[in-house]
Every structure is written in C-alpha cells, then in structure tokens.
1. At a threshold of 8 angstrom on Cα-Cα distance, excluding pairs fewer than six apart, so keeping six or more, what relative contact order does segment 70-129 reach in percent?
2. Quote to one decimal, in nm, the extra length available between residue 28 and residue 115 on full extension: 0.36 nm per residue of separation minus the C-alpha distance between them.
3. Mind giving me the FRET efficiency for residue 79 and residue 1? R0 is 35 Å, r the Cβ-Cβ distance, nearest 0.05 is fine.
4. Suppose R0 equals 25 Å. What FRET efficiency, 1/(1 + (r/R0)^6) with r the Cβ-Cβ distance, do residue 35 and residue 67 give to the nearest 0.05?
5. Quick check: pseudo-label points 7 Å beyond the Cα along Cα→Cβ at residue 87 and residue 47, how many nm apart are they?
6. Mind checking the log10 I(q)/I(0) for segment 1-68 at q = 0.14, 0.24 Å⁻¹? Debye, one equal scatterer per Cα, no solvent, two decimals.
7. Going by amide H atoms built from the backbone, whose H comes under 5 Å of the H on residue 49, apart from near neighbours?
8. Pop out the Kirkwood hydrodynamic radius of the chain from its pairwise C-alpha distances, inverse of mean 1/r, in Å to one decimal.
Amino acid sequence: MVRNMVLHQVCQLPQPFTAEQLTKVCQEERISVGTVYNSLNLFVLAHILHATSRQRGQAATEYELTTTNTIRMQVVCQNCGRVTEFHDVAIERLVTERKYSNFNVQHMSLFVYGECKICRRKIKKTTEA
Ligand SMILES: [Zn+2]
C-alpha cells in the first residue's frame with residue numbers, strides 16, 4: 001500500500017529524479033525516509049526504475065522510470081564513474097528495425113566503458129610528473 005503511494009509520487013516527478021527529491025514529496029504524504037529508500041531499491045530490482053550514478057563516491061544517484069526511455073545509450077568512465085548519455089540514430093535504427101524471432105523488444109541499454117576526458121588529463125599529468 002505504502003509502496004503504491006511511493007510509486008505514485010515517482011510518476012509525478014520530472015524524470016530523472018534523485019532520492020532527495022522523492023523523499024521531499026513523500027514526507028508531505030507522511031512516508032518515512034526508510035520506506036522511500038527501500039522502495040527505490042525494490043523498484044530498481046523490479047526494473048521499474050533505472051538507476052544511474054552520476055559520480056562515484058557521492059550521493060548523486062539519479063532514478064528514471066524505465067518506461068520513459070526505451071532506448072538508452074551511455075558512456076561510462078571506469079575511473080570516476082561519470083555517466084554521459086548519448087544518442088546514436090544509426091544504432092537505434094539497427095536495433096528497432098531488426099526482427100528477433102519469437103522475441104518482442106521493449107527496452108535496450110548500451111553502455112560504452114572507458115576513460116573520460118577529465119580522468120585522461122589527470123592520468124596524463126601524473127605520468128608526466
Ligand atoms: Zn573519469
């Protein structure tokens with residue numbers, strides 16, 4: 001019952017949102033902070049929400065309803081965890097126009113891992129010194 005109330009609040013928020021934003025609106029409905037965080041974890045496990053950490057080591061996780069974005073492409077820095085969204089029309093066309101036998105595509109995620117510009121610059125500096 002409480003989870004339904006949390007989910008209702010999630011649907012009212014602009015996407016993506018942070019746990020802090022959700023906690024704020026839920027507190028007005030007298031939903032505890034613990035319930036909000038438990039619900040968020042549950043919604044992620046159930047693939048209702050998609051969680052993205054914007055920067056490693058900081059409470060900057062953003063959540064988004066999986067229904068709002070069916071095709072997701074992101075570059076992820078393996079060093080600092082920075083995530084940047086990108087959109088490649090050619091990749092999208094490749095996936096959406098391809099026919100999978102006995103399979104109906106609903107979502108697609110593409111993660112490209114590597115090193116971001118800032119980390120590359122930092123690594124370059126430390127090796128030069
Ligand atoms: Zn980086």
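1. Computed value for segment 70-129: 47 percent relative contact order.
2. Length gained between residue 28 and residue 115: 27.2 nm.
3. Details: r = 43 Å, r/R0 = 1.23.
After rounding to 0.05, the efficiency reads 0.20.
4. With R0 = 25 Å, the Cβ-Cβ based efficiency is 0.65.
5. With each label placed 7 Å out from Cα toward Cβ, I get 2.3 nm.
6. Normalising to I(0) and taking log10 leaves -0.36, -1.08.
7. Excluding prolines and chain starts, which carry no amide H, the hits are 44, 66.
8. 16.9
Any read-out appearing in this document is the output of simple, stated calculations on the displayed coordinates, not a laboratory observation. The shown structure was predicted, so the numbers you read here are calculated from the model rather than taken from an experiment. A quick note on method: Cβ atoms are made from the backbone with ideal geometry, for glycine too, and the neighbour counts reach across all protein chains shown.
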